Amino acid sequence: MTSQNTQPELLSGGAMLIRALADEGVEYVYGYPGGAVLHIYDAMFQQHQVKHVLVRHEQAATHMADAYARASGKAGVVLVTSGPGATNAVTGIATAYMDSIPMVVICGQVMSHLIGDDAFQETDMLGISRPIVKHNMSVRRPEDIPYLVKKAFYIAQSGRPGPVVLDIPKDMTIPSQKFPYEYPKDIKLRSYNPNAKGHPGQIKKALTTLLAAKKPVLYSGGGVILGQASEELTTLARKLNIPVTNTLMGLGAYPASDPQFIGMLGMHGSYEANQVMHNADVIFAVGARFDDRVTNATKKFCPNATIIHIDIDPASISKTVNAHIPIVGLVKPVLQEMLQQLEKNQGQLDQQALGHWWQQIQQWREVHGGRYEQSAAHLKPQAVIEAVHRHTKGDAYVTSDVGQHQMFAAQYYKFDKPNRWINSGGLGTMGFGLPAAMGVKLHYPEAEVVCVTGEGSIQMNIQELSTCKQYGLNVKIINLNNGYLGMVKQWQDMNYDSRYSSSYMDSLPDFVKLAEAYGHVGIRVTKAEELEPALERAFALKDKLVFLDIHVDPTEHVYPMQIPGGAMNEMFLSKTERT
Amino acid sequence: MRHILSVLLENESGALARVVGLFAQRGYNIDSLTVAATEDPTISRLTLVTRGDDQVIEQITKQLHKLIEVVKLADLSESAHIERELMMVKVKTTAEQREEVKRCADIFRGQIIDITANTYTIQVVGTSDKLEAFIQALNGTQILETVRSGVSGISRGERTLSL
């Protein structure tokens, strides 16, 4: 005889969905209600395990979920209605896809019998999202919901992570139709089985090659952060005493304050990082994908290097640059295996060659060294970031939007920890920064969360200041206001004889009053001497969102900058110098 | 170079769209595509003919593997294989042409599968080259319509593509 409490509980589709999220350990869902998801929202209302955050625009919901995933390593969850709710989420899904961020997006859909009829708020979300998701699925039978939720999380979080869309027609969630609920413990798919460990023979070969190098470099990317392998990476790099460069997505994976760190590489990478890459004889690429913003012209890319490449996604290996020693696997177990092998054979690099290499690197460090022009008339954006770093003791979560301010933050906020730098690297989504900061702050209320933005980007999701008020998300907004779409202007300066076609932002709002209108604190900074006291005050106001509208030099450019079509080491170093 | 890819796919709605979408998104070519369920109704088999240098073909196979619904795939062109395509051609046949067209069909081991007073419908099976040669051979005859199945392929010998 089975006792009653072993009988599965009967739940509606909507209630099963919410229960499955709770069983998956989901604390917050970000979303916006609408017709097709009303049953789900009603089920949400009747329980207390999963909490809902009401945004002001669905794009913000996706960025909040995305940033939560970037900070915590767990999938973020979004709930939107059909039609415009789903299409508004598209930019955020694409943002997560490009940066391999685990996310589960639940979209309402019109009733099954209406699909294909151009019904009210109907859109083919499976079709629209197909090129920008790791996978997407539709619910055909309400009783499949627990399995499909499990499958969505499994796919989103395993292998190379990514967003998964689950499309749920309204009639799958009818409250009166109940089904036995059981959440699957684990899941196996015959068609999907990501290889985690890496081939030991290839790992051995990689280690032998690395140990034989005279001019090695470790180039690591977002995969190390996603794969939570920062510790292994740091240990290995220190054991071998080799220089380390991080991609934009990989900042923080290796401590920026460490002497072996040579800065970010690529288009706005440091002079020394790009020189080291170009002149290296062995490039050890870990969880990075040789993106065009890193390599510059691939034909001229690192002509003398043997390339070792660890990546969980075989399609990322030899896609743009041929890898001589490919290793398919998760970064963490592969690096662990490498460390073990290194321990066993007690191998060492040629110390004399390595010494020469470090001498050379030291000389390159002195060439540019992150210097920037000083100005009596204007506050420099770089100086603002340095000040923010000081005031937050380098320990804040920093989110950014896209443009010059993003590059300044990447260059001048020295990240010593992984998961602290949160930006849209692949898609380059303006409007990401504020909702991203909110997603982090919600989960880490005690942490200092700073959104570095510009007056262009912030206006793309400024309505979320209202959400911040509702949920007490007291982030600090550093608005580097130069009155221009700065990166566009920089390119117009460099390539279009300073014809500022639509890059000037006229009629800007009074950001201080705007912040106040939303119930927050606004502070304007127009002179260098106002910066310190303003930051002092802002960071002292722990229980307030502070919007710092900081007027910076409108003529400033981001340097170094790789010369388009050139090799890694061909760069502009300032407005008047180039390599 | 021309490659014939055989793909075992979960027989689910949307799976085919994902494969086709991948080729469109990434700018790969599709010369022909055929798909139908296998002896196991949960699995479809898709045969796709594409062109590209080694690097492109490698990317195509890797990207296909990434699709969650792709269970297995093989590049048939890498080893000995058999390929077949079916074509039906409807031609206009005047009284004096009928014998000649019939002879031509016989030479290609084609079959006349439908006739009217003024037309023949001929079925030819073979490699794509053979079908093209047949169309060339019909030179002088008015072709009203052609329809081709696209290539299906299977490896020779004991090698199989199965679960």
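The values are calculated or read from the model by the stated rules, or taken from the named source; none is laboratory data. Note that the coordinates shown come from a computational prediction; the quantities given were computed from them, not determined experimentally. Positions of Cβ are backbone-derived with ideal geometry, glycine not excepted, and every protein chain shown enters the neighbour counts. To get the accessible areas, we keep the full protein, side chains included, count just its heavy atoms, and leave off ligands, DNA and RNA. Shrake-Rupley method; radii C 1.70, N 1.55, O 1.52, S 1.80 Å.
Taking the stated definitions as given, is residue B:48 assigned to a strand (DSSP E or B) and within 14 Å of chain A (Cβ to nearest Cβ)? Taking the combined requirement at face value, the residue does not satisfy it.
In segment B:8-30, the residues that are at the interface with chain A (Cβ under 10 Å from one of its Cβ atoms) form Cβ pairs under 6 Å with partners that are of a type in the set (S, T, N, Q) and buried (at least 16 other Cβ atoms within 10 Å of the Cβ), at six or more places apart or across chains, as follows: B:9/B:44; B:10/A:191; B:22/B:63.
Residues in segment A:138-147 that are buried (at least 22 other Cβ atoms within 10 Å of the Cβ) and within 14 Å of chain B (Cβ to nearest Cβ): A:139 only.
Counting only residues that are over 16 Å from residue A:472 (Cβ atoms), open to solvent by 10 Å² or more (accessible area, probe 1.4 Å) and under 26 Å from the mean Cα position of the chain (by Cα), how many does segment A:34-57 have? Counting residues in segment A:34-57 that are over 16 Å from residue A:472 (Cβ atoms), open to solvent by 10 Å² or more (accessible area, probe 1.4 Å) and under 26 Å from the mean Cα position of the chain (by Cα) gives 1. For segment B:75-97, the criterion of a residue being over 17 Å from the mean Cα position of the chain (by Cα), basic (Lys, Arg) and open to solvent by 20 Å² or more (accessible area, probe 1.4 Å) is satisfied by at least one position. Kindly establish whether residue A:506 is modelled with pLDDT under 95, surrounded by fewer than 14 Cβ atoms within 10 Å (Cβ to Cβ) and more than 30 Å from residue A:361 (Cα to Cα). Considered against the rule, which asks whether it is modelled with pLDDT under 95, surrounded by fewer than 14 Cβ atoms within 10 Å (Cβ to Cβ) and more than 30 Å from residue A:361 (Cα to Cα), residue A:506 comes out as yes. Scoring residue B:54 on the criteria (1) at pLDDT below 95; (2) open to solvent by less than 70 Å² (accessible area, probe 1.4 Å); (3) within 14 Å of chain A (Cβ to nearest Cβ) leaves a single failure, condition (2). If I filter segment A:396-403 for residues that are more than 19 Å from residue A:559 (Cα to Cα), open to solvent by less than 40 Å² (accessible area, probe 1.4 Å), modelled with pLDDT of 95 or more and not β-branched (Val, Ile, Thr), do I get at least one hit? Scanning segment A:396-403, I find at least one residue that is more than 19 Å from residue A:559 (Cα to Cα), open to solvent by less than 40 Å² (accessible area, probe 1.4 Å), modelled with pLDDT of 95 or more and not β-branched (Val, Ile, Thr), so the answer is yes. The residues listed here are B:115, B:154, B:143; of these, the one that is without any contact (Cβ under 8 Å) to a residue 12 or more places away in the chain, away from chain A (no Cβ under 14 Å), over 30 Å from residue A:165 (Cβ atoms) and open to solvent by 60 Å² or more (accessible area, probe 1.4 Å) is B:115.
The requirement of being at negative phi, surrounded by fewer than 21 Cβ atoms within 10 Å (Cβ to Cβ) and within 14 Å of chain B (Cβ to nearest Cβ) is satisfied by residue A:131.
With respect to residue A:195, is the statement that it is touching a residue at least 24 places away in the same chain (Cβ under 8 Å), more than 14 Å from every other protein chain (Cβ to nearest Cβ), surrounded by fewer than 23 Cβ atoms within 10 Å (Cβ to Cβ) and not small (Gly, Ala, Ser) true? Here the answer is no, as residue A:195 does not meet what is asked.
Hey, does segment A:533-546 have a residue that's open to solvent by 20 Å² or more (accessible area, probe 1.4 Å) and among the acidic types (Asp, Glu)? Among the residues of segment A:533-546, at least one is open to solvent by 20 Å² or more (accessible area, probe 1.4 Å) and among the acidic types (Asp, Glu), which makes the answer yes.
Residues considered: B:39, B:96. Of these, the only one that is under 30 Å from residue B:139 (Cα atoms), in a loop (DSSP other than H, G, I, E, B) and more than 10 Å from every other protein chain (Cβ to nearest Cβ) is B:96.
Considered as a group, the residues in segment A:526-579 that are within 30 Å of residue A:297 (Cβ to Cβ) and not in a loop (DSSP other than H, G, I, E, B) include one that is modelled with the lowest pLDDT, and that residue is A:578. Considered as a group, the residues in segment A:461-512 that are among the basic types (Lys, Arg) and outside any helix (DSSP H, G or I) include one that is farthest from residue A:30 (Cα to Cα), and that residue is A:499.
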